[in-house]
1. Checking the structure you have, find out if any residue of the range 113-131 is modelled with pLDDT of 90 or more and either part of a strand (DSSP E or B) or β-branched (Val, Ile, Thr) (or both).
2. Scan the range 161-173 for residues that are out of contact with any Leu (no Cβ under 8 Å at 6 or more places or on another chain), among the aliphatic types (A, V, I, L, M) and crowded, with 17+ Cβ neighbours inside 10 Å and jot them down.
3. List pairs: first in the range 94-107 and closer than 12 Å to Leu160 by Cβ and surrounded by 10 or more Cβ atoms within 10 Å (Cβ to Cβ), second at pLDDT 90 or above and charged (D, E, K, R), Cβ under 9 Å, 6+ apart or cross-chain?
4. Could you list, ordered by first residue, the pairs with Cβ atoms under 7 Å in which the first is in the range 177-206 and more than 14 Å from Pro236 (Cα to Cα) and in a loop (DSSP other than H, G, I, E, B) and the second is modelled with pLDDT of 60 or more and not acidic (Asp, Glu), at least 6 apart or interchain?
5. Find all pairs meeting these conditions: Cβ atoms under 9 angstrom apart; at least six residues apart or on different chains; first residue within the range 66-82 and assigned by TED's automatic domain parsing to the domain that holds Phe27 and touching a residue at least 40 places away in the same chain (Cβ under 8 Å); second residue of a type in the set (Gly, Ala, Ser) and part of a strand (DSSP E or B).
6. State whether one or more residues within the range 38-59 are within 18 Å of Leu160 (Cβ to Cβ) and assigned by TED's automatic domain parsing to the domain that holds Ala99.
7. Right, Asp15: of a type in the set (Asp, Glu) and assigned to a loop (DSSP other than H, G, I, E, B) or not?
8. May I ask you to verify whether Ser101 is of a type in the set (S, T, N, Q), within 23 Å of the chain's Cα centre (by Cα) and in a loop (DSSP other than H, G, I, E, B)?
Amino acid sequence: MQWLAKAQVQRLKADGTAVGAAIDVLFNPTEYTLSKTNQFAEIPIPGLGSPLIQFIRGQSETLTLDLFFDSSDDGGTGADAKSVTDKTDTFYRLLKIEAQSHAPPIVLFSWGEDSFPGARTYDTLAGQNRFGFKGIVESIRQRYTMFSSLGVPLRATLSLVIKEYKTLAEQIAELNKQSPDRTKAHVVAAGETITRIAELENDGSRDAGADWRRIAEWNGIDDPFAIVPGQVLQLPPRQQQGSAA
């Protein structure tokens with residue numbers, strides 16, 4: 001796998017395939033910032049010294065970086081000066097809505113191979129550009145700092161904010177939620193028995209005969225054949241199910 005020394009930005013389709021050629025960054029950024037926050041809710045409980053904290057959801061991770069552009073070497077600073085916007089407009093168009101998707105394009109900022117923080121390996125990406133930051137360009141701020149005698153902009157700094165984009169499948173695979181020590185609920189379907197519910201809960205990994213008894217005891221059921229469709233059963237934590245004789 002061969003990588004370019006320069007950072008680059010690649011436009012992507014929703015399925016991760018590349019669109020056109022990658023845009024090479026003229027000068028590698030001197031720094032970039034990754035930020036990620038979570039959203040919590042405070043649940044006040046009377047009599048407690050502080051509220052309980054309940055996790056709500058994660059917020060999108062963002063990448064912030066500055067890109068530097070200079071066209072003074074291409075045509076000098078006089079009458080033949082070439083505008084730096086010939087280079088910056090390519091990046092600025094990443095904010096524009098595309099005709100097919102009716103939304104700005106998905107992009108991948110890549111630099112540093114698998115040393116990129118977090119070593120992101122998006123399964124939806126095709127080809128070799130797997131390490132980097134995939135997202136949507138949220139904002140671009142253009143700052144021009146040098147001009148020709150005729151007012152042609154020669155140097156510019158683009159400040160990009162890219163908000164990470166992940167498909168639903170990628171997020172579910174990343175979470176890999178496992179909560180065997182939590183009480184769960186099961187709504188009884190038509191034709192289900194308490195033994196079948198125990199088998200579904202255990203994936204055949206333990207003795208369902210012992211577990212259905214634990215489920216019955218947990219729910220105060222004396223007759224396991226008395227459950228009815230629509231009834232909600234509380235499934236005890238697996239560590240407690242496994243302790244049943």
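1. Filtering the range 113-131 down to residues modelled with pLDDT of 90 or more leaves none.
Checking the range 113-131: not a single residue is modelled with pLDDT of 90 or more and either part of a strand (DSSP E or B) or β-branched (Val, Ile, Thr) (or both).
2. Listed by number, the list is empty, since nothing qualifies.
3. Sorted first by the residue in the range 94-107, then by its partner, the pairs are Leu94/Arg11; Leu95/Glu138; Val107/Arg11; Val107/Lys134.
4. Sorted first by the residue in the range 177-206, then by its partner, the pairs are Val188/Ile227; Val188/Val228; Val188/Pro229; Val188/Gly230; Val188/Gln231; Val188/Leu233; Ala189/Pro229; Ala190/Pro229.
5. Listed by first residue and then by second, the contacts come to Asp66/Ser159; Leu67/Ala156; Leu67/Ser159; Phe68/Ala156; Phe69/Ala156; Asp70/Ala156; Ser71/Ala156.
6. If we filter the range 38-59 for residues that are within 18 Å of Leu160 (Cβ to Cβ), which is where we start, we get none.
No, there is no match, as no residue in the range 38-59 is within 18 Å of Leu160 (Cβ to Cβ) and assigned by TED's automatic domain parsing to the domain that holds Ala99.
7. Numbers: of a type in the set (Asp, Glu): yes; assigned to a loop (DSSP other than H, G, I, E, B): yes.
Answer is yes for this residue.
8. Values: of a type in the set (S, T, N, Q): yes; within 23 Å of the chain's Cα centre (by Cα): yes; in a loop (DSSP other than H, G, I, E, B): yes.
Yes; evaluated as a whole, the condition is true for this residue.
The values are calculated or read from the model by the stated rules, or taken from the named source; none is laboratory data. Every value quoted in this text rests on a predicted model; they were computed, and no experiment measured them. Note that each Cβ is placed from the backbone with ideal geometry, even for glycine, and that neighbours are counted across all protein chains shown.
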